[in-house]
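Peer 1: Below you'll find the structure I mean.
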Amino acid sequence: MTKTEKFKLIEKFIIENQESHYRLAYSYVRNKENALDIVQDSIFKALQSIDRLDEINYLKTWFYRILVNTSIDFIRKHQRVLVMDDEVLDGYLPQTEDRQIDLDLLDALDALSAYEKSLIILRFFEDLKIEEVAAVLDENVNTIKTKLYRTLRKLRIEIGEEN
């Protein structure tokens with residue numbers, strides 16, 4: 001496959017899945033502008049490294065890996081400054097019980113390491129299969145299963161479902 005053909009496939013993939021990419025980035029930073037910046041940086045990185053995509057069947061996992069790594073890098077660089085959208089800030093005002101549970105889950109996710117957060121977001125928020133999560137995070141499938149189980153247990157403890 002030529003570089004031009006790869007470029008057109010990547011372009012089509014990015015356009016068709018732009019909401020998913022934004023949602024994934026937003027799940028890391030919970031800020032519209034930062035999420036858009038992350039997606040833009042990820043697209044730039046993907047196009048720069050187009051030659052590294054050997055098998056076009058792995059386009060989704062290849063791009064998700066770039067997007068996840070860019071999100072984590074962004075968080076590391078901007079760790080001290082956390083800008084929240086109005087929707088997130090509204091969550092701190094008295095709300096219904098369902099809204100409070102959502103907020104507890106978001107707080108619990110923020111308490112996880114970047115790797116653990118990636119496991120949860122990719123598996124449950126992006127609905128990737130275990131094999132796809134393993135490919136994105138460049139890990140063995142059994143390792144992902146074990147770490148996912150531990151992370152879920154840690155998350156349950158964090159939100160108070162286990163003692």
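Peer 1: Using packing as a proxy for protection, rank 136-145, 36-45, 12-21, 59-68 so that the peptide with the highest average count of other Cβ atoms within 10 Å comes first. It would help to have the intermediate numbers written out before the result.
Peer 2: Numbers: 136-145: 15.0, 36-45: 17.5, 12-21: 13.4, 59-68: 21.0.
Those peptides, ordered most packed to least, come out 59-68, 36-45, 136-145, 12-21.
Peer 1: Quick check: net charge around Lys147, other residues with Cβ under 14 Å of its Cβ, Lys/Arg +1 and Asp/Glu -1?
Peer 2: Working: positive: Lys117, Arg123, Lys145, Arg150, Arg153, Lys154; negative: Glu116, Asp138, Glu139.
Residues close to Lys147 contribute a combined charge of +3.
Peer 1: At 0.36 nm per residue, minus the direct Cα-Cα distance, what do Glu131 and Gln48 gain on full extension? Give it in nm, one decimal, please.
Peer 2: So the extension gain works out to 27.3 nm.
Peer 1: Using unit Cβ charges (K, R positive; D, E negative) and no other charged atoms, how large, in debye to the nearest 20, is the dipole of the range 1-79 about its Cα centre?
Peer 2: Numbers: 13 positive and 11 negative charges, 33 e Å.
That gives a dipole near 160 debye.
Peer 1: A further question follows. If I stretch the segment between Ile157 and Leu106 completely, what's the gain in nm (0.36 nm per residue apart, minus their alpha carbon distance), one decimal?
Peer 2: 17.0 nm
Peer 1: Apply the a/c threshold of 1.5 to the C-alpha gyration tensor of the range 102-163 and tell me whether it is rounded, prolate or oblate.
Peer 2: prolate
Peer 1: Could you please state, rounded to a whole Å, how far the C-alpha centre of the range 1-30 is from the C-alpha centre of the range 104-139?
Peer 2: Cα centroid of the range 1-30 versus Cα centroid of the range 104-139: 19 Å apart.
Peer 1: Using θ = phi - 60° and the Karplus relation 6.51 cos²θ - 1.76 cosθ + 1.60, list the HN-Hα couplings for the range 13-25 in order, rounded to whole Hz, with x at every Gly or Pro.
Peer 2: Going residue by residue, I get 4, 5, 5, 5, 10, 4, 5, 5, 5, 4, 4, 5, 4 Hz, with x marking Gly and Pro.
Here, each number is a calculation from the coordinates, and none is a lab measurement. As the structure is a prediction and not an experimental result, all values here were calculated from the model. Neighbour counts are summed over all protein chains in view; Cβ atoms, including those assigned to glycine, are modelled from backbone coordinates with ideal geometry.
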